[in-house]
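The values are calculated or read from the model by the stated rules, or taken from the named source; none is laboratory data. Note that the coordinates shown come from a computational prediction; the quantities given were computed from them, not determined experimentally. Quick reminder, even Gly has a Cβ in these numbers, built from the backbone with ideal geometry, and neighbours come from all protein chains shown.
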């Protein structure tokens, strides 16, 4: 009897070992699977500079080396030329922007950026206040969230930008991007995405020229209602910045199509004033700073490279006036800004001659 | 909740976790709760219907166990009556309204737009079989209604079968085995293979078969469409069964196989023994034998012997029953003329084969042909595939006129000119990269099935292969399914075809 009981105990113990070993193997397999699937998601993710690369590259910046963090849409990344800000004023700026970046996108980008950076000012694009949709378009959701490496922040950013019920597909990633297998190339499998060097600061120049006229409008104080969700996330951005003691400048970037935005910006001006944030409208005649609508725009909304040089000069002066940002040129830890400038000069020697060095 | 959805996988994982956390004797309760929750997720009306049908058949079987004749018959009449009404009423009313003269705007027979509960066909046949077996004394009726309810509603099989027998499934549900890593892994592996077949192959073919079923297409393309439709059904149905059997395997429950590589059949009869095995078995057990030994069947046999002689006459009741059964099988698939013709076509083919079998036997003997030798077997496979291919014209079109028109087009205007032009025509429907993926996936599917057919049991071999081979193979399969599967953005993922039956 005792022998039978002993044998049963041995059997139970050996079964426990077999089961434990099985779960151990399964865990190892799950880890390998997770690694393989994550890499596949990386390879399949479209690596556009405007959105994904900008965010991924921010993680590669040295800690606490960004003084002016620019959040916003294509108007921001094509208009705020970080090379001009650095070359002429020594302002260490980074364009953390994405195409049609909404305020919920900006909020989560900011949350992620503040994990490694302590900017002295946040420059927030006003354009999102004109967006009336409650959620982000499909492609833009991918652009403005898939660069976030923290799975929790990324999931939150996705949930904020997609209708209820749609978020899961983006969070799992495969349902949304797996069809990209038709377009992947060898470079999609390598890091960094798009082969972008770490010293790049997010500026994307538009080398086109389209002739426009100055915006013609009646400068009224009439307001158009800002979308409720945009407003909610604008307030969250302001709250987050205030909690870290970082001032926010809400900037209306110049664009020939300004007349369509004016009344939204009137509402935005009031809201930012109520919250104690700064508001600067670079479309006002007194703020255009020599920008020529005939030669300085790439299309109906975006400044071209020449326009970005002119505008960024004006922006640099404004930032220095309002926030007394330090001149970091020659300071230890900021060499990447010099490298970025050198790269830009090499790429655009004609425009580099416009710099006042 | 679709078996293809992420929600299903989460539901399955949660159920598996709860199931194994429960003591052995309570596990069936966990499965029952999960099954009812799964059913309820598809709509409370369906759940109510299924509960009523289960209640009626449970009572009918209990009465049958006590020797009562009438209550089981009433129970069967009730569940089959409800089944026929829900499944065929709208199709029949639409047809009748089309041929009957109408006085006003309102149709003569109102359309009710009934939505069939999930798994209607499957649980109706399964519970009816249970009542008949109880009546025949083949089983002891279950006293506990909840245990019977689990047998009827076991959630993996709800979507597309198999139609299980009480004797096989009930003991497994009532006293499931302990957790066994090998069974668990085999289940997960089978599910993965099923998803691959469904998402990568079946759904990739779908747009082509839809485009090919058009009178505007040349005959060769229609023929290719019909052939690929058969492959699509094969991948869809066998994939679905693998997912279901794999899911059941996670609970340690070994469900009967419903699909056994039918394209390797050397006769149509064998084909139907390998295709939807449980449906064929159900019709054989509960319709074929009763029909052949019924008064009508005996009378047909007697008349046949007079007309056709002793041997053929003896086969006549079986042949006639086969035609009737296949008509039902066709109509079971859908309430349409095409489905009826599909069934009738197979029924007549098999009926003729039964009647002519003595003549074929004599012919084979005369020619000295051995059925089991390789050339006749391959000849049989090609012949069977040709017959099955012809049937697809009824399966991938909506009306008989369309089916016959496409058959005509295949013969009269084949239209194949050059491979370059054919390639361009194919690329116009599905882009070349998709064709490449399809051809590679089909090659993998065929290779695996071929090896299985030769008795290699690829799944078992993979399970016992060294880790450095097994893990990369499984990860590759997971990646291939997730990356090349037709789901999510940019694809129109179709439900499993057999779910709609």
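Within the option set A:135, A:89, A:77, being touching a residue at least 12 places away in the same chain (Cβ under 8 Å) and buried (at least 24 other Cβ atoms within 10 Å of the Cβ) holds for one residue only, A:77.
Can you pull out every residue in region A:203-238 that is assigned to a loop (DSSP other than H, G, I, E, B) and loosely packed, with under 12 Cβ neighbours inside 10 Å? Of everything in region A:203-238, those that are assigned to a loop (DSSP other than H, G, I, E, B) and loosely packed, with under 12 Cβ neighbours inside 10 Å turn out to be A:208, A:211, A:213, A:216, A:218, A:219, A:220, A:221, A:222, A:225. Within region A:24-33, no residue satisfies the criterion of being within 8 Å of another protein chain (Cβ to nearest Cβ) and surrounded by fewer than 12 Cβ atoms within 10 Å (Cβ to Cβ). Applying the set (1) surrounded by 17 or more Cβ atoms within 10 Å (Cβ to Cβ); (2) in a helix (DSSP H, G or I) to residue B:335 leaves exactly one unmet item: (2).
Scanning region A:132-154 for residues that are in contact with a strand residue (DSSP E or B) (Cβ under 6 Å, 6 or more places away or on another chain) and assigned by TED's automatic domain parsing to the domain that holds residue A:305 turns up nothing. The condition of being within 14 Å of chain B (Cβ to nearest Cβ), at pLDDT 95 or above and more than 30 Å from residue A:255 (Cβ to Cβ) holds for only one of A:16, A:21, A:36, A:43, that being A:36. Listed conditions (1) free of Cβ contacts under 8 Å to residues at least 12 places away in the same chain; (2) in contact with a strand residue (DSSP E or B) (Cβ under 9 Å, 6 or more places away or on another chain) are all met by residue A:35, apart from (2).
Note on region B:287-320: residues that are crowded, with 18+ Cβ neighbours inside 10 Å and in contact (Cβ under 8 Å) with a residue 40 or more places away in the chain amount to 2.
Listed by position, the helices (runs of 4 or more DSSP H) enclosed by region A:239-357 that each have at least 1 residues that are within 16 Å of residue A:82 (Cβ to Cβ) and either in contact with a helix residue (DSSP H, G or I) (Cβ under 7 Å, 6 or more places away or on another chain) or touching a residue at least 40 places away in the same chain (Cβ under 8 Å) (or both) are A:305-323, A:335-347, A:349-352. Determine whether residue B:469 is at pLDDT 90 or above, in the same structural domain as residue B:189 (by TED's automatic domain parsing) and exposed (fewer than 13 other Cβ atoms within 10 Å of the Cβ). So residue B:469 passes the test. Scanning region A:163-183 for residues that are in contact (Cβ under 8 Å) with a residue 12 or more places away in the chain, away from chain B (no Cβ under 12 Å), out of contact with any helix residue (DSSP H, G or I) (no Cβ under 6 Å at 6 or more places or on another chain) and farther than 27 Å from residue A:242 by Cβ turns up at least one hit. For region B:63-81, filtering for residues that are under 26 Å from the mean Cα position of the chain (by Cα) and surrounded by fewer than 17 Cβ atoms within 10 Å (Cβ to Cβ) leaves 4.
Listed here are the residues, each with its yes/no results for (1) touching a residue at least 12 places away in the same chain (Cβ under 8 Å); (2) surrounded by 15 or more Cβ atoms within 10 Å (Cβ to Cβ); (3) more than 28 Å from the chain's Cα centre (by Cα).
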| residue | (1), (2), (3) |
| --- | --- |
| B:350 | yes, yes, no |
| B:353 | yes, yes, no |
| B:357 | yes, yes, no |
| B:360 | no, no, yes |
| B:366 | no, no, yes |
| B:382 | no, no, no |
| B:386 | no, no, no |
| B:395 | yes, yes, no |
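Scanning region A:98-111 for residues that are under 29 Å from residue A:327 (Cα atoms) and modelled with pLDDT of 95 or more turns up A:106, A:107, A:108, A:109, A:110, A:111. For region A:138-162, residues that are more than 14 Å from every other protein chain (Cβ to nearest Cβ), closer than 22 Å to residue B:479 by Cα and in contact (Cβ under 8 Å) with a residue 60 or more places away in the chain total 2.
From the list A:94, A:108, the one residue that fits, being assigned to a strand (DSSP E or B) and either within 16 Å of the chain's Cα centre (by Cα) or surrounded by fewer than 24 Cβ atoms within 10 Å (Cβ to Cβ) (or both), is A:94.
Taking helices (runs of 4 or more DSSP H) as the structural unit, those lying wholly within region B:216-313 and holding at least 2 residues that are under 21 Å from residue B:187 (Cα atoms) correspond to B:219-250, B:277-283.
The helices (runs of 4 or more DSSP H) found entirely in region B:388-501 that carry 1 or more residues being farther than 19 Å from residue B:223 by Cβ and within 14 Å of chain A (Cβ to nearest Cβ) are B:432-453, B:458-463, B:467-484. Only one entry in B:468, B:419, B:491 is touching a residue at least 60 places away in the same chain (Cβ under 8 Å) and over 22 Å from the mean Cα position of the chain (by Cα), namely B:491.
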